[in-house]
2 protein chains.
Amino acid sequence: ALAACTAAVDKVAAGGAGGKVEWTLASSFPKNLDTIFGAADVFAKRVAELSNGNFIINVKAAGEIVPGPEVLNAVQNKTVQIGHTASYYFFGKDATFAFDTAVPFGMTSRQHTAWMLHGGGMELMRDFFKQYNVVNFLGGNTGTQMGGWYKKEIKTVEDLKGLKLRIGGFAGKVMAKMGVVPQQIPGGEIYTALEKGTIDGAEWVGPYDDEKLGFYKVAPNYYYPGWWEGGASLSFYVNQEEYAKLSDNYKAIIAAASMEAHTDMQAKYDAKNPGALANLINNGAKLQAFPKEVMEAAFKATKEVFAEEAASNANFKKILDNWLAFRHNEAQWFGLAEKSYSEFMTTNPWKPGA
Amino acid sequence: ALAACTAAVDKVAAGGAGGKVEWTLASSFPKNLDTIFGAADVFAKRVAELSNGNFIINVKAAGEIVPGPEVLNAVQNKTVQIGHTASYYFFGKDATFAFDTAVPFGMTSRQHTAWMLHGGGMELMRDFFKQYNVVNFLGGNTGTQMGGWYKKEIKTVEDLKGLKLRIGGFAGKVMAKMGVVPQQIPGGEIYTALEKGTIDGAEWVGPYDDEKLGFYKVAPNYYYPGWWEGGASLSFYVNQEEYAKLSDNYKAIIAAASMEAHTDMQAKYDAKNPGALANLINNGAKLQAFPKEVMEAAFKATKEVFAEEAASNANFKKILDNWLAFRHNEAQWFGLAEKSYSEFMTTNPWKPGA
C-alpha cells in the first residue's frame, strides 16, 4: 500500500506537469550586456516560478559553456538544451537566419513581433529552424539601434569609401557595396581599435550599452538611425528532441516565459536609453543624423543584396515574399497615426513643471 | 492508510501549486471587439495551460455578468474575482485612473509599457488601486489610435466650435475647452447618431475596429492621430483578497499570462490594422491629418486641464510628476533613431516584387 501510495503521489507530483527537469542555457552574450543577457535570467526565473521549482534552467554567459557564436551548434548538438542568441550571428551559414533578428531596412520592434505572432513569421521561421534541430521562441528586442561611432563626420556617400567600420553580417555586405571595409572585432576590443586608429568607426547597440564602452572619447560622432537594425530581435533556441520530451504544461511554460522576457527586455531598453543618451551628450558625444543621400544609397544597396540572395537561396526567397508584403503594409500604417503622433511629441516638448 | 494516502495526494496535487481554483472574469468589452475582448481569452487559456487545468478563468463579455462600466465595482465588491477593462472608464471617480490607460498627449504603447515595468509606473498605479481593492496587471494595448470620423472637414480650431463629437472622459474635457460639445454614446448607437446628424463626428479605435461599424459611409473624413490615445493600455483587475489567497505559483501564472496577453493584443492590432485601413480607403474613407493649429490648441488645452486636475487631486499630482519626467525623456529619445528610421521607411516604400 505504501508503494502504491508513493506511486500515486509521484504521478500527481508530476501531475501531467512534467516532474523535475534541469536544463542548461547557453547565452551568446556576456553579463555586462545586462539588458540582453538579463532576458535569459528573467525567463529562467519565471520558468522556475511557473513550475513550482520543478523546471530549472541554469543560465550561463557566453564563454562559460561555449563561446557566443557557438550557441546554435551547442543547441543543435545537445551540448545544452537551450540557448539565447541573436539569429543573425549565423548569417554565414544561411542569410535566412537574419529574418529572425534584423535585416537592413527591416521591421521595427513592434512590427517584427506582429509579423512573428500574427503575420505568419513564426511559422516560417520554425519551419526554417527545423533543419537545425531547433524550436525558436521570441527572446527580446533592442528597438531601433543607433548607427555607431565615427572618428570623422559622414557627410556624403564618398566619405564611406575605404572606411574601416566594425560591422558584420548582412549589414557588412551592404556596407561593402558602398565602399566600406567591414571589420569583425569582438566587443571588448573595439575601444582600443578605435583609439589606435585601426578602425575608423564602430557600431554597437544604443546609448545604454554604448555608454559602458566609452566610445565617445575616441570616436565622438554618434550617428542615427542604425538602418541595419530597425529593431533587433533576440531568440531562445530549444533543442527539438528536448522540447518534444516536455509535457504540454512545460511547453506552455516555455512559451509564456519567453514572451514575458521578450517584452520585458524591450521595456528595459526603452526605460534605460534616454538617461544614457543624456550622459553621452554631456560627455561630448556629437549626435548626427545620417545624411539623406547616405540613407538612400544604403537602401539601394540593401535591395541589391536582397535580390542577389533571393536569386540563389530558396530558404531566403520563401520568407522574403511574405516578409516584404507584411513590412510594406506595416510601413504604410505606422506612417499615419503612430508617426504623426510621435513627431508631435518630439517637436512639442512637455517638460516637468512647465 | 487510504485516508492518509489521499491526503498526501491532495497535498501534492495542490503541490504548493494552489489546487483547483475557478474564477469568473468580467470583461468591459463586447465580443465583437474581438482583438480587445480576445486578450482575456488569450490570458485565460494560458492560465489553464500553465496550471495543468487547475486554475480556470471563465471569461464573460460586457453585459453577461455586469455592464462594461461596472467592472471596477464588480471586482471591488467581489461579484467577480477578476476583470478586464480600460481604467480610463473610471475617470469620473478619479482622473488618476487615466494614467493606467491613456491621457491626451500621453505615452505610446512601448513607452507606457516601459514606464509600467521599469519606470516606476506599476508601483504607483498599484498603490493607487489599493483603495479600490484591486491588484492591476497589464492587459493589452491598441497602439496610437485614429482621431475619428467627421461629417465635415476640420480645417481650423474654429471648425471645432459647437461640434457634437462622440468622445468621453479626459479627452472630452480637453475637447470641451476647445469648444467641442462632447457626447457619450455607446458603440452600437454611434452609426445611427452619425447618420441622423445627432452628432457631427465620433472617435472609436483604429481601422480594424472602425471598419466593422461602417462609419465611412456616413462620416467619411478619417482623421489622425488620436492625440488623446497615443497608446491605450488595457488592464486586468484582480480582487485583492482573492489575489492574496493564491499560491505563489498561481500569482506567477497571473503575472506571466497577463504579460503575454498584453503583448499579443498589440501584435494583433499591428497585424490587422493595415489591411483594414486599405479596405476603408477603397470604400471611400478620406484620410486626413489634424491641422497643426488644431494639434497645438489641443496640446495647450491638455496642459490646462492637467494643471487644474493636479491642483485639486493629490493622487493625480503624485503620479503626474513621475509620469511627466518619464514621458519627456522618452519623447526625446524616440525622436532620434526610432523616428528617423520610421520616417525613412514610410517615405521610401519597398514594395514586394520591386
Quick one: would you say A:Glu308 is touching a helix residue (DSSP H, G or I) at 6+ places or on another chain (Cβ under 7 Å), more than 10 Å from chain B (Cβ to nearest Cβ) and surrounded by fewer than 19 Cβ atoms within 10 Å (Cβ to Cβ)?
-> no
Select, from A:Glu211, A:Glu189, A:Glu195, A:Glu203, the only residue that is closer than 27 Å to A:Ala276 by Cα and in contact with a Gly (Cβ under 7 Å, 6 or more places away or on another chain).
-> A:Glu203
Given the conditions (1) more than 18 Å from A:Asn348 (Cα to Cα); (2) without any contact (Cβ under 8 Å) to a residue 60 or more places away in the chain; (3) in contact with a helix residue (DSSP H, G or I) (Cβ under 9 Å, 6 or more places away or on another chain); (4) within 10 Å of another protein chain (Cβ to nearest Cβ), every one holds for B:Lys292 apart from (1)
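Every residue, every condition in (1) within 14 Å of chain B (Cβ to nearest Cβ); (2) surrounded by fewer than 21 Cβ atoms within 10 Å (Cβ to Cβ); (3) in contact with a strand residue (DSSP E or B) (Cβ under 9 Å, 6 or more places away or on another chain); (4) of a type in the set (Asp, Glu), yes or no:
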{"site": "A:Lys60", "(1), (2), (3), (4)": "no, yes, yes, no"}
{"site": "A:Thr79", "(1), (2), (3), (4)": "no, yes, yes, no"}
{"site": "A:His84", "(1), (2), (3), (4)": "no, no, yes, no"}
{"site": "A:Lys93", "(1), (2), (3), (4)": "no, yes, no, no"}
{"site": "A:Asp127", "(1), (2), (3), (4)": "no, yes, no, yes"}
Pairs, first among the basic types (Lys, Arg) in segment A:175-204, second part of a helix (DSSP H, G or I) and loosely packed, with under 15 Cβ neighbours inside 10 Å, C-beta under 8 Å, six or more apart | A:Lys177/A:Glu304
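Scan A:Lys93, A:Lys130, A:Lys152, A:Lys78 and give me the residue that is of a type outside the set (Gly, Ala, Ser) and assigned by TED's automatic domain parsing to the domain that holds A:Leu194. Can you show your working first?
Working: A:Lys93 fails: assigned by TED's automatic domain parsing to the domain that holds A:Leu194; A:Lys130 fails: assigned by TED's automatic domain parsing to the domain that holds A:Leu194; A:Lys78 fails: assigned by TED's automatic domain parsing to the domain that holds A:Leu194.
Being of a type outside the set (Gly, Ala, Ser) and assigned by TED's automatic domain parsing to the domain that holds A:Leu194 holds for just one of A:Lys93, A:Lys130, A:Lys152, A:Lys78, which is A:Lys152.
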Restricted to segment B:176-210 and to residues being surrounded by fewer than 21 Cβ atoms within 10 Å (Cβ to Cβ) and among the acidic types (Asp, Glu), the residue modelled with the lowest pLDDT is B:Glu189
Being touching a Ser or Thr at 6+ places or on another chain (Cβ under 7 Å), of a type outside the set (D, E, K, R), over 19 Å from A:Phe170 (Cβ atoms) and touching a residue at least 40 places away in the same chain (Cβ under 8 Å), is that true of even one residue in segment A:53-69?
-> yes
Does B:Gly83 satisfy being outside any loop (DSSP other than H, G, I, E, B) and in contact (Cβ under 8 Å) with a residue 24 or more places away in the chain?
-> yes
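Only residues that are in a loop (DSSP other than H, G, I, E, B) and within 22 Å of B:Gly169 (Cα to Cα): list them for segment B:97-124, please.
B:Thr101, B:Ala102, B:Val103, B:Pro104, B:Phe105, B:Gly106, B:Met107, B:Thr108
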Condition test on A:Ala176, is it over 21 Å from the mean Cα position of the chain (by Cα), small (Gly, Ala, Ser) and assigned to a helix (DSSP H, G or I)?
-> yes
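The values are calculated or read from the model by the stated rules, or taken from the named source; none is laboratory data. Note that the structure is a prediction, hence the values are computed from the model and not measured. Here Cβ is always computed from backbone atoms with ideal geometry, including for glycine, and neighbour counts include all displayed protein chains.
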